[in-house]
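Notes to accompany the following structure.
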Amino acid sequence: LAKTTQPISMDSYEGQEVNITCSHNNIATNDYITWYQQFPSQGPRFIIQGYKTKVTNEVASLFIPADRKSSTLSLPRVSLSDTAVYYCLVGVSGAGSYQLTFGKGTKLSVIP
Amino acid sequence: DTGVSQDPRHKITKRGQNVTFRCDPISEHNRLYWYRQTLGQGPEFLTYFQNEAQLEKSRLLSDRFSAERPKGSFSTLEIQRTEQGDSAMYLCASSRSGGQGFQETQYFGPGTRLLVL
């Protein structure tokens, strides 16, 4: 499974847009990119998933360049409740297992 | 869709005791995963079921750990002769498998926090 690299921590003020970039240089052709959010003492919560270009849902956008060696999670107008750890993962979907390999994630702190 | 549920949410036990955790996946999901998470780390994969078959186990899963999914619905994770190093959050996730190219997404439960004294 491809390894990912993301910043250990980030700070942002309320109302700002936050972009968290993840590197995954050895991403495979079949790999999707998935982001999870985790609050203390809770399980990870699925945010967004994509394969290429741009994906947008009601909470975030995911930007993936043509070479797919990195991806950027964009959180518009963050609030205090967005303070959490954000994980970037890549993995293969299909007939086999799809075990997720989590790194340490990015700890986002939103400041009032 | 009521989400993935886990029971209990918290468990405190003494070293050497056995503990069992339960996970109820999202009803139409045929895949079920167990992960373990220690403080400050991301979750680590333990084992995976497709329907009732346990298809993969991590080397992290020692002989004291056993998991079952007898009817392809809920799953149990048992730890025998617990050790202090077993203290962690145990997470369950479920998903629906598809064919090649299908975007599988895992949905996690709230976890069971185990403390071994």
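The values are calculated or read from the model by the stated rules, or taken from the named source; none is laboratory data. These numbers come from a predicted model, not from an experiment. Note: ideal-geometry Cβ built from the backbone for every residue, glycine included; neighbour counts use all protein chains shown.
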Report yes if B:R69 is closer than 28 Å to A:A84 by Cα and not aromatic (F, W, Y), otherwise no. no
Taking the stretch B:33-53 and keeping only residues that are surrounded by 14 or more Cβ atoms within 10 Å (Cβ to Cβ) and either touching a Ser or Thr at 6+ places or on another chain (Cβ under 6 Å) or among the hydrophobic types (A, V, I, L, M, F, W, C) (or both), one is left with B:W34, B:F45, B:L46, B:Y48, B:F49
Matching entry among A:T5, A:T21 (being loosely packed, with under 13 Cβ neighbours inside 10 Å and within 11 Å of the chain's Cα centre (by Cα)): A:T5
Just checking, does the stretch B:4-11 include any residue being surrounded by 18 or more Cβ atoms within 10 Å (Cβ to Cβ) and within 14 Å of the chain's Cα centre (by Cα)? yes
From A:I64, A:I47, A:I20, which residue is under 18 Å from B:P43 (Cβ atoms) and among the β-branched types (V, I, T)? A:I47
Residue list for the stretch A:39-93, filter: in contact with a Phe, Trp or Tyr (Cβ under 6 Å, 6 or more places away or on another chain), away from chain B (no Cβ under 14 Å) and touching a residue at least 12 places away in the same chain (Cβ under 8 Å): A:T72, A:L73
Right, A:L89: closer than 16 Å to B:E104 by Cβ, outside any strand (DSSP E or B) and at pLDDT below 95 or not? no
